[in-house]
Amino acid sequence: MAEMSTLCTFLFSLLLFASQPLILPTAADGRWQLLQKSIGISSMHMQLLKNDRVVMYDRTDFGPSTLPLASGKCHNDPTNTAVQVDCTAHSVEYDVLSNKFRALTVQSNVWCSSGGVMPDGKLVQTGGFSDGELRVRVFSPCESCDWHETPNGLAAKRWYATNHVLPDGRQIVVGGREQFNYEFVPKNIAADTFKLHFLSETNERGVENNLYPFVFLNVDGNLFIFANNRAILLDYVNNKVVKTYPKIPGGEPRSYPSTGSAVLLPLKNLTAATIQAEVLVCGGAPKGSFVQALQGKFVKALDTCVRISITDPKPKWVLETMPLARVMGDMVLLPNGKVLVINGARSGTAGWDLGRDPVLNPVLYMPDNEIESRFKILNPTKIPRMYHSTAVLLRDGRVLVGGSNPHAYYNFTGVLYPTELSLEAFYPGYLDAKFNNLRPTIVAPKSMSGIRYSKKLKIKVVITGEVTLNLLSVTMVSPAFNTHSFSMNQRLLVLGNDKVMASGKSTYEIEVMTPGSGNLAPAGFYLLFVVHQDIPSQGIWVHLK
């Protein structure tokens, strides 16, 4: 009987452990700070703007939020099953510098929408659910601006679609539920949709696994589009597939609701005759996970990444193993070219109450290391960030983290993982005070300086410690629209270091060449950093025209 009791105790302890968030006891780096216990809404979508403010929103059809709108402002929707007249906010603007927020007004359902920032700095947001499916909304970065909506701004209903900013200043809107096509915003003469058979070919009946496709602008001006477990290179001007990439090793799905994440790795050697572009896709859920989760069986998430040089004549995927399995994770390009993998769960899939076992430890991916030494586990948060969580890079090098709404409504009690209204900041290890003497401070040019293509740019910095000249570099990062584990328009360019000159005590002038075309960097606002020995400066806003 004693042996049976011991066995039962052991089995119970295993079950108890399996239900707990995964926290690894490591001497890792990085730290966390709680910024706001509640911003009133759950941040399902997040975009940093040129005035250091972040626009966030959730959805309008799952009950009142905890943040009231100004008197007289309400959302009216007779088809809303939760509440037909809602006078609470479902969007906020968060001021990074003051750590304050204000309510914004959306008049249609923005749930599972997409977006991006136009060259003039305005956020254009497209689609959503129900009365929001055909909407185009614009938010201008100013002190008191609010959403402006165009009821029929889209040619097709867009729900779970992906946007990408193009070299000509427009945005392409790709896919969405039951939409095997793409279109452009703002509208011009070609206002119709364009068929994309690749999306119907990658659609799994009853599961899909090809929503929120991963879209990246290649250096040749074509679009790399990944859905499910395959990818193509699309000439969107002529509506022609110019390259079909091999299926990823193992063939497991990586797109929503299997929900891995992806980044275009930093673009380097920008003045070379041939520029290499690589895509990294990490995590997700094995095939069948969604159906099994609906039946109460939560399959372990994928613990692999796949990486490919999309510019190679004969590209091949390379498989890597992560230290932690992860589904619904987010991938954030850091100013020093490393990739932060954050948020998510280690079993289940995307969908209401379909994820289990939060992964609280972020992981750092170092793309230039040897393949067996690219990952590092970082310090954990205490807050599970599951379905509908978000993360974006801020100008000071922190990563803003919010959201997690695993339920159809604002459930704060009586559920396994409550809806999260809080905001946190993750401080990567490079922000540790011990690196202050190595950290550059940009003193010129000033914020918001306009820069042109293929021009020499001089940047003056102060570094108080000993400087290693060949370890000084300049990077540019485009702020991304983050939702559902994908950061649309995320891009990092390494401008390098053409010449460095000492120009006074602890002062150095760095000369670099700006990107050569909109294929490398579409016009718009970027964060510019100077990086010394992997320690980035605080960024400055630059406007590439």
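The values are calculated or read from the model by the stated rules, or taken from the named source; none is laboratory data. The structure displayed is predicted, hence computed values, not measured ones. Cβ placement follows ideal geometry from the backbone for every residue including glycine, while neighbour counts extend to all protein chains displayed. Ligands, DNA and RNA are stripped out before the accessible areas are found, and what is left, the full protein with its side chains, is counted by its heavy atoms. Shrake-Rupley method; radii C 1.70, N 1.55, O 1.52, S 1.80 Å.
Couple of notes before you dig in:
- Some residue of region 112-120 being more than 21 Å from the chain's Cα centre (by Cα) and polar (S, T, N, Q): no
- Subset of region 72-95 (residues that are assigned to a strand (DSSP E or B) and farther than 16 Å from residue 147 by Cα): 85, 86, 95
Yes/no per residue for (1) farther than 13 Å from residue 32 by Cα; (2) in contact (Cβ under 8 Å) with a residue 12 or more places away in the chain:
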| residue | (1), (2) |
| --- | --- |
| 358 | yes, yes |
| 370 | yes, no |
| 390 | yes, yes |
| 410 | yes, yes |
| 432 | no, yes |
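- Only a single criterion out of (1) touching a residue at least 60 places away in the same chain (Cβ under 8 Å); (2) in contact with a strand residue (DSSP E or B) (Cβ under 7 Å, 6 or more places away or on another chain); (3) basic (Lys, Arg) is not satisfied by residue 452, namely (2).
- Pair list, Cβ under 9 Å, 6 or more apart: region 477-499 residue under 17 Å from residue 42 (Cα atoms), other residue outside any strand (DSSP E or B) and basic (Lys, Arg): none
- Those residues of region 497-517 which are of a type in the set (Gly, Ala, Ser) and either open to solvent by 40 Å² or more (accessible area, probe 1.4 Å) or out of contact with any strand residue (DSSP E or B) (no Cβ under 6 Å at 6 or more places or on another chain) (or both), in sequence order: 502, 503, 504, 516, 517
- Scanning region 363-411 for residues that are under 23 Å from residue 280 (Cα atoms), out of contact with any Lys or Arg (no Cβ under 8 Å at 6 or more places or on another chain) and of a type in the set (Ser, Thr, Tyr) turns up 373, 387, 389, 390.
- Filtering region 167-186 to residues that are part of a loop (DSSP other than H, G, I, E, B) and in contact with a Leu (Cβ under 6 Å, 6 or more places away or on another chain) leaves 175, 180.
- Single unsatisfied condition, residue 215 versus (1) part of a strand (DSSP E or B); (2) of a type outside the set (Asp, Glu); (3) open to solvent by 30 Å² or more (accessible area, probe 1.4 Å): (3)
- Odd one out for residue 91 among (1) of a type in the set (S, T, N, Q); (2) surrounded by 21 or more Cβ atoms within 10 Å (Cβ to Cβ); (3) over 21 Å from the mean Cα position of the chain (by Cα): (3)
- Qualifying residue in region 187-208 (condition: farther than 27 Å from residue 348 by Cβ, in a strand (DSSP E or B) and open to solvent by less than 30 Å² (accessible area, probe 1.4 Å)): no
- All strands (runs of 3 or more DSSP E) inside region 389-496 with 3 or more residues being at pLDDT 95 or above and either crowded, with 16+ Cβ neighbours inside 10 Å or within 23 Å of the chain's Cα centre (by Cα) (or both): 389-393, 399-403, 423-427, 456-462, 472-478, 481-483, 486-488, 491-496
Condition check ((1) at pLDDT 85 or above; (2) among the polar types (S, T, N, Q); (3) more than 20 Å from residue 419 (Cα to Cα)) across all residues:
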{"residue": "24", "(1), (2), (3)": "no, no, yes"}
{"residue": "35", "(1), (2), (3)": "yes, no, no"}
{"residue": "48", "(1), (2), (3)": "yes, no, yes"}
{"residue": "55", "(1), (2), (3)": "yes, no, no"}
{"residue": "63", "(1), (2), (3)": "yes, no, no"}
{"residue": "66", "(1), (2), (3)": "yes, yes, no"}
{"residue": "71", "(1), (2), (3)": "no, yes, yes"}
{"residue": "74", "(1), (2), (3)": "yes, no, yes"}
{"residue": "81", "(1), (2), (3)": "no, yes, no"}
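- Members of region 134-157 found to be open to solvent by 40 Å² or more (accessible area, probe 1.4 Å), in a loop (DSSP other than H, G, I, E, B) and touching a strand residue (DSSP E or B) at 6+ places or on another chain (Cβ under 7 Å), listed by number: 135, 146, 155
- Of the residues making up region 96-133, those that are outside any loop (DSSP other than H, G, I, E, B) and under 20 Å from residue 161 (Cα atoms) are 114, 115, 116, 117, 123, 124, 125, 126, 130, 131, 132.
- Of the listed requirements (1) within 22 Å of residue 363 (Cβ to Cβ); (2) touching a Pro at 6+ places or on another chain (Cβ under 8 Å), residue 322 misses just one: (2).
Yes/no matrix, rows are residues, columns are (1) of a type in the set (Gly, Ala, Ser); (2) out of contact with any strand residue (DSSP E or B) (no Cβ under 7 Å at 6 or more places or on another chain); (3) closer than 26 Å to residue 322 by Cα:
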| residue | (1), (2), (3) |
| --- | --- |
| 205 | no, yes, no |
| 251 | yes, yes, yes |
| 266 | no, no, yes |
| 270 | no, no, no |
| 281 | no, no, yes |
| 291 | no, yes, yes |
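- Meets criteria (at pLDDT 95 or above, among the basic types (Lys, Arg) and within 17 Å of residue 33 (Cβ to Cβ)) for residue 382: yes
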